[in-house]
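The values are calculated or read from the model by the stated rules, or taken from the named source; none is laboratory data. Computed from a prediction, not measured in an experiment: that's the story for all the values here. Counting neighbours? That spans all protein chains shown, and the Cβs are built from the backbone with ideal geometry, glycine included. Side chains included, ligands, DNA and RNA excluded: accessible areas come from the protein's heavy atoms. Shrake-Rupley method; radii C 1.70, N 1.55, O 1.52, S 1.80 Å.
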Amino acid sequence: QGQFVQHQYGEDDTLLLQSTGRFAVLRPGYFSWQIATPDDQLIVADTQFIWHHDRDLQTVTRRPTPTGPEATPLQILGGDADSLGDSFAVEKNASGVFTLTPKVEGAGFRSLRLTLEEGLLSRMEVRDNLDQRIVVEFRDVDSASPLQPADFAFTPPEGADLFYHDQ
């Protein structure tokens, strides 16, 4: 768990958006992504659902948790490392950089690059299917504090508009 700074670049490598926030990951299958700026949003995943709460718009969206090549980059961070090779070609270079490329068509991104420094995640770079690039820098990463599945429980707040895409 820790903090992040995220930069989203267009296909011409122009900065489109910068956001900051906090994250937490528990393997296998759990993550929390709290965007503080520029918008107030929370994305929480467990083994069944991904919840997206836009606090500014007071909306909550729930989707089934995708698996395999349809998994989001955040799910891959919190996923089962042993099964990554089933859906992705994984390449590691000597400096602790792992590049994942989907083995099949229809994946949500073209490539995912994860950088580890001293065994801790420091950077993630995603190249999406529209040739946009997202770069996330992880800061103040704490791998020692324990997390539990209950830390990723989400209950929609009263009064929020709910959109369930699994019913």
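Residue by residue through region 109-119, note down the ones that are closer than 21 Å to Ser19 by Cβ and open to solvent by 50 Å² or more (accessible area, probe 1.4 Å).
Matches in region 109-119: Arg113 only.
Tell me, yes or no, whether region 89-98 has at least one residue that is of a type in the set (Asp, Glu) and within 23 Å of Phe49 (Cα to Cα).
Looking for residues that are of a type in the set (Asp, Glu) and within 23 Å of Phe49 (Cα to Cα), one finds none in region 89-98, hence no.
Looking at region 18-38, I want the residues that are free of Cβ contacts under 8 Å to residues at least 24 places away in the same chain and have a partner that is among the charged types (D, E, K, R) with Cβ atoms under 7 Å, at least 6 apart or on another chain. Which pairs are those?
Gln34/Arg22
Within region 4-18, track down each residue that is in a strand (DSSP E or B) and open to solvent by less than 80 Å² (accessible area, probe 1.4 Å).
Of everything in region 4-18, those that are in a strand (DSSP E or B) and open to solvent by less than 80 Å² (accessible area, probe 1.4 Å) turn out to be Phe4, Val5, Gln6, His7, Gln8, Tyr9, Leu17.
Picking from Val126, Val141, Val136, Val97, which residue would you name as being aliphatic (A, V, I, L, M), open to solvent by less than 50 Å² (accessible area, probe 1.4 Å), modelled with pLDDT of 90 or more and farther than 21 Å from Ala45 by Cα? Steps first, answer last, please.
Numbers: Val126 fails: farther than 21 Å from Ala45 by Cα; Val141 fails: farther than 21 Å from Ala45 by Cα; Val136 fails: farther than 21 Å from Ala45 by Cα.
Sole residue among the options that is aliphatic (A, V, I, L, M), open to solvent by less than 50 Å² (accessible area, probe 1.4 Å), modelled with pLDDT of 90 or more and farther than 21 Å from Ala45 by Cα: Val97.
Return yes when Asp151 is charged (D, E, K, R), open to solvent by less than 90 Å² (accessible area, probe 1.4 Å) and at negative phi and no when it is not. Lay out the reasoning, then the answer.
Values: charged (D, E, K, R): yes; open to solvent by less than 90 Å² (accessible area, probe 1.4 Å): no; at negative phi: yes.
Here the answer is no, as Asp151 does not meet what is asked.
For region 53-100, name all the residues that are under 15 Å from the mean Cα position of the chain (by Cα) and in a loop (DSSP other than H, G, I, E, B).
Thr65, Pro66, Thr67, Ala71, Thr72, Gly78, Gly79, Asp80 - these are the residues of region 53-100 that are under 15 Å from the mean Cα position of the chain (by Cα) and in a loop (DSSP other than H, G, I, E, B).
Restricting to region 77-94, name every residue that is surrounded by 14 or more Cβ atoms within 10 Å (Cβ to Cβ), at pLDDT below 80 and of a type in the set (Gly, Ala, Ser).
Those that are surrounded by 14 or more Cβ atoms within 10 Å (Cβ to Cβ), at pLDDT below 80 and of a type in the set (Gly, Ala, Ser): Gly78, Gly79.
Going residue by residue through region 141-160, is there one that turns out to be assigned to a strand (DSSP E or B) and of a type outside the set (Lys, Arg)?
Taking every residue of region 141-160 in turn, none turns out to be assigned to a strand (DSSP E or B) and of a type outside the set (Lys, Arg).
Could you list, in sequence order, the residues of region 1-58 that are under 27 Å from Gly119 (Cα atoms), in contact with a strand residue (DSSP E or B) (Cβ under 6 Å, 6 or more places away or on another chain) and polar (S, T, N, Q)?
The answer is Gln1, Gln3, Gln6, Gln8, Gln18, Ser19, Thr20, Ser32, Gln34.
On the given criteria, is Arg63 open to solvent by 50 Å² or more (accessible area, probe 1.4 Å) and closer than 27 Å to Asp12 by Cα? Steps first, answer last, please.
On the way: open to solvent by 50 Å² or more (accessible area, probe 1.4 Å): yes; closer than 27 Å to Asp12 by Cα: no.
Against the criterion (open to solvent by 50 Å² or more (accessible area, probe 1.4 Å) and closer than 27 Å to Asp12 by Cα), Arg63 does not qualify.
For region 19-47, enumerate the residues that are surrounded by fewer than 16 Cβ atoms within 10 Å (Cβ to Cβ), polar (S, T, N, Q) and either modelled with pLDDT of 95 or more or in contact with a Ser or Thr (Cβ under 6 Å, 6 or more places away or on another chain) (or both).
Answer for region 19-47, where residues must be surrounded by fewer than 16 Cβ atoms within 10 Å (Cβ to Cβ), polar (S, T, N, Q) and either modelled with pLDDT of 95 or more or in contact with a Ser or Thr (Cβ under 6 Å, 6 or more places away or on another chain) (or both): Thr20, Thr37.
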